[in-house]
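Undergrad: Just passing along the structure, written as structure tokens.
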2 protein chains.
Amino acid sequence: MLNFNFHNPVKILFGEGKVTELPQNIPADAKILMTYGGGSIKKNGVYEQVKKALANYNVLEFGGIEPNPRYETAMKAVEIVKNENIDFLLAVGGGSVVDATKFIAAAAPYKGGEPWEFIAQAIPVQSAVPLGVVLTLPATGTEMNKNAVITREATQEKMAFYSPHVMPQFSVLDPSFTYSLPKRQVANGVVDAFVHVLEQYMTYPVNSPVQDRFSEGIMLTLIEEGRKAISLETPDYNNRANITWAATMALNGIIASGVKECWATHKIGHELTAFHGLDHALTLAIVLPGFMNMVKERRTEKMVQFAERVWNITEGDDMSKIDLLIEKTDSFFREMGMLTLLSEHGIGLETIDKIVERFKSRGDERLPLLEDVTLNEIGDILKQRI
Amino acid sequence: MLNFNFHNPVKILFGEGKVTELPQNIPADAKILMTYGGGSIKKNGVYEQVKKALANYNVLEFGGIEPNPRYETAMKAVEIVKNENIDFLLAVGGGSVVDATKFIAAAAPYKGGEPWEFIAQAIPVQSAVPLGVVLTLPATGTEMNKNAVITREATQEKMAFYSPHVMPQFSVLDPSFTYSLPKRQVANGVVDAFVHVLEQYMTYPVNSPVQDRFSEGIMLTLIEEGRKAISLETPDYNNRANITWAATMALNGIIASGVKECWATHKIGHELTAFHGLDHALTLAIVLPGFMNMVKERRTEKMVQFAERVWNITEGDDMSKIDLLIEKTDSFFREMGMLTLLSEHGIGLETIDKIVERFKSRGDERLPLLEDVTLNEIGDILKQRI
């Protein structure tokens, strides 16, 4: 096992009705900016429940945060936080709303120049406005981690930043708040969480049986519950609860502790969203099978373990197990409604060239998370997926 | 899944050499009381490494904390904390040293009468001196939770208390610090952690596949690594690392989130230690098979799942699976060196009567954690184990 530090002080309030505990978790004198997305929370009752719980607070609102949240939009909220002396941010929404709110929290007190620089130049964040979360879409795990991904419209760039200062003080996870989601978004969440696990698992063995079995347990649950979610006519509480908890556990640091990670599939996928606006999970479903095929000769051991323990593939030699593994994983994504080939989205060689050029232009300092994947291989991975 | 709150802010510093990070985690001006046990840390080099890391601090010491730490001993340290204005406690040892230190941390600022009352009367702790941990024996999980168990010599009572205020600020888990442990103590840790998992798992189904698979993953690891630890001539780093991480994950709240717990085996076991001084893990190994036999008609579903997924028992009907499950679990404890019958320790009906009387005399308010186990059944469970 590798050495590690693990520290995750996010408080989780899990279950139906937990939104009523907001007042026990936000200072009584806080001036709150409540952030949200396109307004679906006003149609499904979540908005009213949050406002009711916050009846005794001074609450301002900032709506309109888009999927793949934009830097330009978030910067408008930064101005409000500064001008109105906001001292608590409450994100009510999915991963995009939470990530934008994390950026707002870090950008408001930022003492440098333009806040984009702490993302693009990976400058450590020194402080942030405290924030809480009411989650409406299980997927990214952002409700219990220090990560955020922001898209800059002007330059078509989608990039991540990380800071312990933007970890939520608490996150309310009420599975019933996900009932109004279209099936496509539930499926997106399942695929996103599944690939999160793989970026921490399908790497190189370091003798970490607890972490490996936790990862396998999350993936087995996502397969079972993802299929159930797609097949059910009406939402089921336990189904949504299990997807929610699996997605949170997939990216809160537990399964990453002491193992080797590689976030290549995410980094390549981000570029497909940046250039073509594809859903984040869909980009992962497109890239991953190509990625698996590229690394199968060097990551054989973990891939065979993945095949055996998650997909119950026990026949044949290692390479035939892995080929079947790739097929089954791709099929699962298609069952979840993903069109997993670039050509199915009208994307071809031109985009691939642009993506490879972009990675090259950023230089080596952006590559450490790609681990064993070379720049030339990025093009080869994508060409397999046309 | 049941509703739950989860909040575990303990920082884990895991791996060889992590003790050198102590100064980044203790305030520079802290006056530290370092607590430890019978002095084994002075023989195996841990004491020197801790003292070296704390070279720039004002450090007082309190040694001599015994296994099943005594209230009477801990109260002497409480006096030192008060008289010397100690503002940080550093526990260097196993579960007993850590638990005693948690009690010292809570008792020093306690404003009520005799501190025993917040244990015996379950009065919520209001504050505690901050504490950190350098762990030398993986077993109890106390390094990453809010629990402590204290024994009062005068009345032969062993009781637990719980407070978020006594969660360690950090815990250093260096697997190499366990190398000098006798095999008996490693085996104790494996059995203790294994039964911790079962008290959170072998209850009633609530549709919690992530938590169930995490529990099964920890148990599978403890079986594999426990057997390896017993068979190895010299300690192996990864073996000790995996036992350590499994034991920590077994009782840090993760696998308890959203499921039904029942701590009956622990509560009954504590009485065997209180009356006869048996090792904690040994008492669990004695009680558990009898307990399993008692509840098998009502906890059938989770017990069959345990049989199938952990012990790979797939043949026969439910009750024959469970009977084999009990046999295999008992055999595993015996493999770990436990003599799992009361008669093997010269204990008979007289002690059983005293234990049942004690539970009865405490009245109903001490029973909530026993869930579905009645007072009369406690006697029956123990009689099976003579």
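Only the coordinates and a few stated rules stand behind these numbers; no lab work does. From a predicted model like this one, the values you see are computed outputs, not experimental measurements. Glycine also receives a Cβ, built like all others from the backbone with ideal geometry; neighbour counts cover every protein chain displayed.
Undergrad: Using alpha-carbon pairs under 8 Å, 6+ residues apart, how would you state the relative contact order of the range B:11-177 in percent? Don't skip to the end; give the middle numbers.
TA: Numbers: 343 pairs, mean separation 47.4, N = 167.
28 percent.
Undergrad: Count the lysine pairs in the range B:47-180 that are 8 or more places apart or on different chains: how many have C-alpha atoms under 27 angstrom apart?
TA: 21
Undergrad: How would the range A:20-114 be classified by its alpha-carbon gyration tensor: rounded, prolate or oblate, with rounded meaning a/c under 1.5 and the a/b versus b/c comparison settling the rest? Could the numbers behind the result be given before it?
TA: Values: a/c = 2.22, a/b = 1.24, b/c = 1.79.
Verdict is oblate for the range A:20-114.
Undergrad: Now, a different point. Less than 15 Å from a label point 7 Å out along the Cα-to-Cβ axis of B:LYS51: which backbone N atoms in the range B:78-109 qualify, by residue?
TA: Answer for the range B:78-109: B:92.
Undergrad: Does the range B:1-68 classify as rounded, prolate or oblate by the C-alpha gyration tensor (a ≥ b ≥ c root eigenvalues; a/c under 1.5 gives rounded; else a/b over b/c gives prolate, otherwise oblate)? Before the final figure, lay out each step's value.
TA: Numbers: a/c = 1.95, a/b = 1.50, b/c = 1.31.
Judged from the Cα gyration tensor, the range B:1-68 comes out prolate (a/c at least 1.5, a/b above b/c).
Undergrad: Separate question: Just the number: Rg to Rh for chain A, Cα atoms, Kirkwood Rh, two decimals.
TA: Expressed as Rg/Rh, it is 0.96.
Undergrad: For the charge dipole of the range A:11-177, defined by +1 on Lys and Arg C-beta atoms and -1 on Asp and Glu C-beta atoms about the Cα centroid, which residue among A:TYR57, A:ASN85, A:TYR162 has the Cα displaced farthest towards the positive pole?
TA: Looking along the dipole axis, the top candidate is A:TYR57.
Undergrad: Taking R0 as 60 Å, what's the FRET efficiency between B:MET319 and B:LYS76 from their Cβ-Cβ distance, rounded to 0.05? Walk me through the numbers before you get to the answer.
TA: Numbers: r = 53 Å, r/R0 = 0.88.
For R0 = 60 Å, the calculated efficiency reads 0.70.
Undergrad: Moving on. Using the alpha-carbon centroid of each, what span in Å lies between the range A:144-185 and the range B:235-274?
TA: If we compute the Cα centre of each part, the gap is 33 Å.
Undergrad: Where does the protein assembly as shown land at 222 nm, in deg cm²/dmol rounded to the nearest 500, when only DSSP H runs of n ≥ 4 count, each adding -39500 (n - 2.57), divided by all residues? Mind dumping the intermediate values first?
TA: Details: 27 runs with 357 residues, N = 772.
Helix contribution divided over all residues of the protein assembly as shown: -14500 deg cm²/dmol.
Undergrad: Let me ask another. Got a sec? Charge dipole of the protein assembly as shown, +1 on Cβ for Lys and Arg, -1 for Asp and Glu; which of A:PRO27, B:ASN147, B:GLY132 is way out at the positive end?
TA: Result: A:PRO27.
Undergrad: Looking only at GluC sites (Glu not before Pro) in DSSP loops with at most 16 other Cβ atoms within 10 Å, what is the longest site-free stretch of chain B?
TA: Values: sites that count: B:GLU16, B:GLU84, B:GLU233, B:GLU261, B:GLU297, B:GLU315, B:GLU371.
That would be B:85-232.
Undergrad: Continuing with the same structure: Under a crude label model (7 Å from the Cα following the beta-carbon direction), how far is B:ASN44 from B:ASN293 in nanometres?
TA: Taking the simple label geometry, B:ASN44 and B:ASN293 are separated by 3.6 nm.
Undergrad: For A:LYS31, which sequence-distant residues (separation of 5 or more, or a different chain) have an amide H within less than 5 Å of its own amide H, given hydrogens modelled in the peptide plane?
TA: A:ASP87, A:PHE88
Undergrad: Place a +1 charge on the Cβ of each Lys and Arg in the range A:193-321 and a -1 charge on the Cβ of each Asp and Glu, then give the dipole magnitude about the Cα centre in debye, rounded to the nearest 20.
TA: Working: 12 positive and 16 negative charges, 43 e Å.
The dipole magnitude comes to about 200 debye.
Undergrad: Another one. Count the net charge of all other residues whose Cβ sits under 13 Å from the Cβ of A:THR351, scoring Lys and Arg as +1 and Asp and Glu as -1.
TA: 0
Undergrad: Just to confirm a number: summing +1 for Lys and Arg and -1 for Asp and Glu over residues other than A:LYS383 whose beta-carbon lies under 14 angstrom from that of A:LYS383, what do you get? Don't skip to the answer; put the middle values down first.
TA: Values: positive: A:LYS354, A:ARG385; negative: A:GLU350, A:ASP353, A:GLU377, A:ASP380.
Every neighbour counted, the sum reads -2.
Undergrad: Rounded to the nearest 5, what % of DSSP beta bridges with both residues in the range B:56-160 are antiparallel?
TA: Working: 4 of 10 bridges.
Once the DSSP bridges in the range B:56-160 are tallied, antiparallel ones form about 40 percent.
Undergrad: Angle, helix A:264-276 long axis vs. longest principal axis of chain A, Cα atoms, 0 to 90°, nearest 10?
TA: Orientation of helix A:264-276: about 70 degrees from the principal axis.
Undergrad: Can you give the charge dipole size of chain A about its Cα centre, rounded to the nearest 20 debye, using +1 on the beta carbon of Lys and Arg and -1 on the beta carbon of Asp and Glu? Display every interim value, and only then the final one.
TA: Numbers: 38 positive and 48 negative charges, 140 e Å.
Value, rounded to 20: 680 debye.
Undergrad: Something else: In whole Å, what are the Cα extents of the protein assembly as shown along the three principal axes, biggest one first?
TA: Taking max minus min along each principal axis of the Cα atoms, the protein assembly as shown gives 82, 61, 50 Å.
Undergrad: Could I ask something else about it? Suppose each label sits 7 Å from its Cα in the direction of the beta carbon; what would the B:VAL206-B:SER331 distance come out to in nanometres?
TA: The two pseudo-label positions are separated by 3.3 nm.
Undergrad: Report the local net charge at A:ARG334: Lys and Arg +1, Asp and Glu -1, summed over other residues whose C-beta lies under 11 Å from its C-beta. Mind dumping the intermediate values first?
TA: Numbers: positive: A:LYS328; negative: A:GLU327, A:ASP330, A:GLU335, A:GLU344.
The answer is -3.
Undergrad: Alpha carbons only, please: Rg and Dmax for the range B:256-375, in angstrom.
TA: Reported Rg and Dmax, both Å: 15.3, 44.
Undergrad: Let me ask another. Nearest 10 degrees, 0 to 90: what angle lies between the long axis of helix A:280-295 and the longest principal axis of chain A (Cα atoms)?
TA: So the helix axis and the longest Cα principal axis differ by about 30 degrees.
Undergrad: Scan the range A:54-121 for trypsin sites (Lys or Arg not before Pro) in coil per DSSP, keeping those whose Cβ has at most 15 other Cβ atoms within 10 Å, and list them by number.
TA: Passing both the DSSP loop test and the Cβ count: A:LYS111.
Undergrad: Please state the relative contact order of chain A as a whole percent: Cα pairs under 8 Å, 6+ residues apart?
TA: Relative contact order, chain A: 16 percent.
Undergrad: Under a crude label model (7 Å from the Cα following the beta-carbon direction), how far is B:GLU308 from A:ASP29 in nanometres?
TA: 5.8
Undergrad: Let me ask you something else. Specify the angular offset, from 0 to 90 degrees and rounded to the nearest 10, of the alpha carbon long axis of helix B:209-231 from the longest principal axis of the alpha carbons in chain B.
TA: It works out to around 80 degrees.
Undergrad: In terms of the Cα gyration tensor, with a ≥ b ≥ c the square roots of its eigenvalues, is the range A:190-347 rounded because a/c is under 1.5, prolate because a/b exceeds b/c, or oblate?
TA: Working: a/c = 1.36, a/b = 1.10, b/c = 1.24.
Rounded shape, in that the Cα axes give a/c under 1.5.
Undergrad: Send over the per residue convex hull volume for the range B:11-177, Cα only, as a whole number of Å³.
TA: Per-residue hull volume (Cα only) is 99 Å³.
Undergrad: Which of the trypsin sites (Lys or Arg not before Pro) across the range B:272-362 are loop residues per DSSP, with 13 or fewer other Cβ within 10 Å?
TA: Working: sites: B:LYS296, B:ARG298, B:ARG299, B:LYS302, B:ARG309, B:LYS321, B:LYS328, B:ARG334, B:LYS354, B:ARG358, B:LYS360, B:ARG362; in loops: B:LYS296, B:ARG298, B:ARG299.
Filter output for the range B:272-362: B:ARG298.
Undergrad: Give the average, rounded to an integer, of partner chain Cβ atoms located within 10 angstrom of each Cβ in A:196-209.
TA: On the way: counts 0, 0, 0, 0, 0, 0, 0, 0, 0, 0, 2, 7, 5, 11.
Going residue by residue through A:196-209 and averaging, the value is 2.
Undergrad: If you average the sequence gap of Cα pairs under 8 Å that are 6 or more apart and divide by the length of the range B:182-383, what percent do you get for the contact order?
TA: Working: 230 pairs, mean separation 52.3, N = 202.
Relative contact order of the range B:182-383: 26 percent.
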